[in-house]
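Everything below concerns the one structure shown next.
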Amino acid sequence: MSDRYSRQTLFAPIGFEGQRMISQKHVLLIGAGALGSGNAEVLARAGVGKLTIIDRDYVEESNLQRQQLYTEQDVIEKLPKAAAAKKRLLEINHELNIKAVIGDATPEVIEDLCREVDLILDCTDNFETRMLINDASQKHGVPWIYGACVSSYGMSLTIIPGKTPCLNCLLKKIPLQGMTCDTGGIIGPAVQMVIAHQSAEALKILVEDWEHIRQTFVSFDLWNNQYTNIKISKAKDEGCLSCGTTRTYPYLQSENRTKTAVLCGRDTVQIRPPHDTVISLATLSKQLKSLGYEIKGNPYLLSIEMAEQRMVLFQDGRALIHGTKDITHAKSVYQRILG
């Protein structure tokens with residue numbers, strides 16, 4: 001085995017056999033922001049066999065304070081986070097097998113991706129997506145690790161289908177934070193602490209060391225020196241629609257799919273087209289320039305400057321309308337651009 005992982009194999013709970021197992025496993029990271037980029041780097045350096053990374057956003061300057069894979073050049077180029085993460089991770093470890101998915105984590109996409117993975121890492125910023133992850137995890141028997149952070153707070157939970165309560169069981173038990181990074185800010189150490197908890201649990205799962213999986217919901221406040229563990233074993237609910245005796249997986253139902261959404265803590269509305277589509281960005285760019293719009297772009301997206309808003313349009317027809325929280329207004333902007 002390559003000397004690259006020699007210090008990791010010297011760690012007795014992993015060893016050579018554990019390293020071999022890590023090299024054969026496939027991890028899905030949903031979200032490539034602060035938690036996603038950090039966890040992806042840890043797993044890339046640890047030699048995981050395959051990483052699939054899905055993210056709907058692109059790199060902005062405000063990300064650089066805590067999203068460790070990205071650079072100022074990524075901001076200038078407005079690279080989608082999934083593409084920028086793949087580029088950087090391959091520079092770290094050229095042996096990696098990485099699939100970058102630039103898009104939204106819809107029920108259909110999550111179900112399709114999780115069928116072939118050994119572990120899911122939650123690196124998102126909203127509970128709608130987390131509940132989709134939770135249902136897909138239970139339906140397909142894939143472990144997942146919840147993580148969240150804001151301000152100086154952080155929290156993490158490991159969920160093993162058939163062994164632990166699921167997130168749907170626990171929602172009434174867990175003290176969830178109401179603020180977001182855009183309202184309460186965030187410091188890098190809080191991000192790194194959550195990454196440490198998630199990635200350590202990930203390595204345990206990848207080497208199948210089930211005995212040492214953390215059995216508690218962990219939360220902390222680094223600034224105020226607080227650290228809490230909450231036992232969760234008794235929270236298992238046999239009536240839970242996600243993991244109980246009669247399961248319906250409610251969050252995977254297509255009628256619960258949101259077509260438009262105000263992004264967490266931002267003056268931005270995301271709009272998804274009602275049907276799958278592929279847009280020729282080059283053709284649209286020429287059309288919009290002829291109409292007097294200021295257009296910037298790359299192979300993945302177009303940035304369209306308007307009087308009061310800026311619209312970022314992706315190849316799949318999905319758009320981010322910056323400068324508004326008004327969904328009706330955002331829809332009118334979207335329709336005006338795409339006709």
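The values are calculated or read from the model by the stated rules, or taken from the named source; none is laboratory data. Treat the numbers as computed from the prediction; the structure is a model and nothing was measured. So basically every Cβ, Gly included, is an ideal-geometry build from the backbone, and we count neighbours across all protein chains shown. SASA here: full protein model, heavy atoms, side chains in, ligands and nucleic acids out. Shrake-Rupley method; radii C 1.70, N 1.55, O 1.52, S 1.80 Å.
Scan segment 318-339 and give yes if some residue there is touching a residue at least 12 places away in the same chain (Cβ under 8 Å), in contact with a Gly (Cβ under 6 Å, 6 or more places away or on another chain) and surrounded by fewer than 19 Cβ atoms within 10 Å (Cβ to Cβ), otherwise no.
Scanning segment 318-339, I find no residue that is touching a residue at least 12 places away in the same chain (Cβ under 8 Å), in contact with a Gly (Cβ under 6 Å, 6 or more places away or on another chain) and surrounded by fewer than 19 Cβ atoms within 10 Å (Cβ to Cβ), so the answer is no.
Which condition from (1) of a type outside the set (Phe, Trp, Tyr); (2) modelled with pLDDT under 95; (3) surrounded by fewer than 22 Cβ atoms within 10 Å (Cβ to Cβ) is the one that residue 88 breaks?
Going through (1) of a type outside the set (Phe, Trp, Tyr); (2) modelled with pLDDT under 95; (3) surrounded by fewer than 22 Cβ atoms within 10 Å (Cβ to Cβ) one by one, residue 88 breaks only (2).
I'm checking my understanding of the structure. Among residues of segment 192-239 that are open to solvent by 60 Å² or more (accessible area, probe 1.4 Å), among the acidic types (Asp, Glu) and touching a residue at least 12 places away in the same chain (Cβ under 8 Å), which one is nearest to residue 47 (Cα to Cα)?
Among those that are open to solvent by 60 Å² or more (accessible area, probe 1.4 Å), among the acidic types (Asp, Glu) and touching a residue at least 12 places away in the same chain (Cβ under 8 Å), it is 208.
Please state which of the following conditions residue 156 fails to meet, knowing it meets all the rest: (1) at pLDDT 95 or above; (2) within 19 Å of residue 128 (Cα to Cα); (3) open to solvent by 20 Å² or more (accessible area, probe 1.4 Å); (4) polar (S, T, N, Q).
Of the numbered conditions (1) at pLDDT 95 or above; (2) within 19 Å of residue 128 (Cα to Cα); (3) open to solvent by 20 Å² or more (accessible area, probe 1.4 Å); (4) polar (S, T, N, Q), the odd one out for residue 156 is (3).
Given the structure, is residue 63 within 21 Å of residue 147 (Cα to Cα), at pLDDT below 95, open to solvent by less than 20 Å² (accessible area, probe 1.4 Å) and not β-branched (Val, Ile, Thr)?
The answer is yes for residue 63.
For (1) open to solvent by 10 Å² or more (accessible area, probe 1.4 Å); (2) assigned by TED's automatic domain parsing to the domain that holds residue 168; (3) over 21 Å from residue 34 (Cα atoms); (4) out of contact with any strand residue (DSSP E or B) (no Cβ under 7 Å at 6 or more places or on another chain), each residue gets a yes or a no:
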| position | (1), (2), (3), (4) |
| --- | --- |
| 71 | yes, yes, no, yes |
| 84 | no, yes, no, yes |
| 96 | yes, yes, no, no |
| 117 | yes, yes, yes, no |
| 122 | no, yes, no, no |
| 126 | yes, yes, no, yes |
| 129 | yes, yes, no, no |
| 136 | no, yes, yes, yes |
| 139 | yes, yes, yes, yes |
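Could you run through segment 280-296 and say how many residues are open to solvent by 30 Å² or more (accessible area, probe 1.4 Å), on the phi < 0 side of the Ramachandran plot and not hydroxyl-bearing (Ser, Thr, Tyr)?
The total comes to 7.
Quick one: in segment 141-152, which of the residues that are surrounded by fewer than 24 Cβ atoms within 10 Å (Cβ to Cβ) and touching a Cys at 6+ places or on another chain (Cβ under 7 Å) is farthest from residue 253 (Cα to Cα)?
Filtering first and then ranking leaves 150.
If I go through segment 26-56 residue by residue, how many of them are crowded, with 20+ Cβ neighbours inside 10 Å, at pLDDT 95 or above, farther than 17 Å from residue 148 by Cα and of a type outside the set (A, V, I, L, M, F, W, C)?
Residues that pass the stated criteria total 2.
Among the residues of segment 244-254, is any under 19 Å from residue 56 (Cβ atoms), assigned to a loop (DSSP other than H, G, I, E, B) and of a type outside the set (Asp, Glu)?
First, the residues of segment 244-254 that are under 19 Å from residue 56 (Cβ atoms): 251-252, 254.
Adding the requirement that they be assigned to a loop (DSSP other than H, G, I, E, B) leaves none.
Within segment 244-254, none of the residues are under 19 Å from residue 56 (Cβ atoms), assigned to a loop (DSSP other than H, G, I, E, B) and of a type outside the set (Asp, Glu).
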